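Below is one structure, written out as structure tokens, with a few remarks after it.
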Amino acid sequence: MSAQSTKYLLIGGIASLFAAQAIRERDANGSILIVCGENHPPYNRPPLSKKALTKDEFAADDAYPKFDEFYPDNKIALVLEENVTQLDRGSKTATLENGDTITY
């Protein structure tokens, strides 16, 4: 088990990405960590379910509003393939499936 610390902890998919972007516009230096249970960065689901079926020129990358360089360029850390299983608002800690803890 390991422990991490971050100023802003965001849990989930695409909404986390846009929240991180808004935070970064207001706080250039605060640490941001997105925890996502999937094995890839946040993406837009509607293009995958709609455009992929109706547009021949649709590419899988079209679902990603931001590409890989966006995250390090904006000092946004990603934890992929992990879910938050417990959130303790009193102690400001989150516990991941693997037992790691994150203080925010």
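Observations on the structure shown:
- Modelled this way, with points 7 Å down the Cα-to-C-beta line, the labels at Ser91 and Asp27 are 2.2 nm from one another.
- Accessible area (Å², 1.4 Å probe, nearest 10) - Ser5: 90
- Placing Ile23, Ile102, Ile11 in order of accessible area, with the largest value first and a 1.4 Å probe, yields Ile11, Ile23, Ile102.
- Heavy-atom accessible area order for Arg24, Arg89, largest first, 1.4 Å probe: Arg89, Arg24
- Sequence of Thr95, Thr6, Thr103, Thr85 when ordered by accessible area, the most exposed leading, probe 1.4 angstrom: Thr85, Thr103, Thr95, Thr6
- The figure for Tyr104 is an accessible area of roughly 70 square angstrom, using a 1.4 Å probe on the protein chains alone.
The values are calculated or read from the model by the stated rules, or taken from the named source; none is laboratory data. Owing to the predicted nature of the structure, the values given are computational and were not obtained by experimental measurement. Don't worry about glycine lacking a Cβ; one is built from the backbone with ideal geometry, like all the others, and counts go over all protein chains shown. Side chains included, ligands, DNA and RNA excluded: accessible areas come from the protein's heavy atoms. Shrake-Rupley method; radii C 1.70, N 1.55, O 1.52, S 1.80 Å.
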